[in-house]
Amino acid sequence: MNAWLFLLIAGLLEIVFATLIVASKGFTRPLVTICIIVVAVLSLYCLSQAAKTLPIGTAYAVWTGIGAAGTAIIGIFFMREPTNFFRMVSLLLIVSGVIGLKLTETPK
């Protein structure tokens, strides 16, 4: 499988486990907590597969960028987190950084 596809899946899984942290209510809900652990391990596995080909700095930055931006977007649309101009510009900068890393990536 393509390293960038592994990285995309890893980032999407990071969004899932970060979002589930809220649903776990401080890890007091055992089933949700188990889901967090499983999804986190899968995310790290996909990141490790991507890092076989991509530089770790690029892979890690993209992974956290997808997770951070995606989780913030989920928070805005589904958890009624506030939005303002500077927050939206900051999200745009994260996404721009991820795209920039993809465009300038050179494999190991």
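Can you tell me, using C-alpha contacts under 8 Å and at least 6 residues apart, the relative contact order of the chain as a whole percent? If you can, show how the numbers build up before the last one.
Working: 112 pairs, mean separation 36.4, N = 108.
Reported as a whole number, the value is 34 percent.
How many percent of the accessible area of the chain is carbon or sulfur, using a 1.4 Å probe? Can you show the working numbers first?
Numbers: 5100 of 6720 Å².
Accessible surface attributable to carbon and sulfur in the chain totals 76 percent.
Rounded to the nearest 500, what is the chain's calculated 222 nm mean residue ellipticity when only DSSP H runs of at least 4 contribute -39500 (n - 2.57) each, over all residues? Working shown, then result.
Values: 4 runs with 85 residues, N = 108.
Per the formula, -27500 deg cm²/dmol.
Does the chain come out rounded, prolate or oblate, given a ≥ b ≥ c as the square roots of the eigenvalues of its C-alpha gyration tensor, rounded meaning a/c under 1.5 and, failing that, prolate meaning a/b above b/c? Don't skip to the end; give the middle numbers.
Details: a/c = 3.32, a/b = 1.20, b/c = 2.77.
In terms of gyration-tensor shape, oblate.
Could you please report the charge total around residue 62, scoring K, R as +1 and D, E as -1 over all other residues with beta-carbon less than 10 angstrom from its beta-carbon? The partial results should precede the final answer.
Working: positive: 102; negative: 105.
Neighbourhood net charge equals 0.
Measuring with a 1.4 Å probe in the full set of protein chains, what accessible area per residue, in whole Å², belongs to the chain? Don't skip to the end; give the middle numbers.
On the way: 6720 Å² over 108 residues.
Heavy-atom SASA per residue in the chain reads 62 Å².
Give, rounded to the nearest 20 debye, the magnitude of the charge dipole that the chain has about its Cα centre when Lys and Arg contribute +1 at Cβ and Asp and Glu contribute -1 at Cβ. List each step's numbers first, then the result.
Working: 7 positive and 3 negative charges, 23 e Å.
About 100 debye.
The values are calculated or read from the model by the stated rules, or taken from the named source; none is laboratory data. If you're wondering where the values come from, they're calculated on a predicted model, not measured in any experiment. All Cβ positions, glycine included, derive from the backbone under ideal geometry; neighbour counts span all protein chains shown. Ligands, DNA and RNA are stripped out before the accessible areas are found, and what is left, the full protein with its side chains, is counted by its heavy atoms. Shrake-Rupley method; radii C 1.70, N 1.55, O 1.52, S 1.80 Å.
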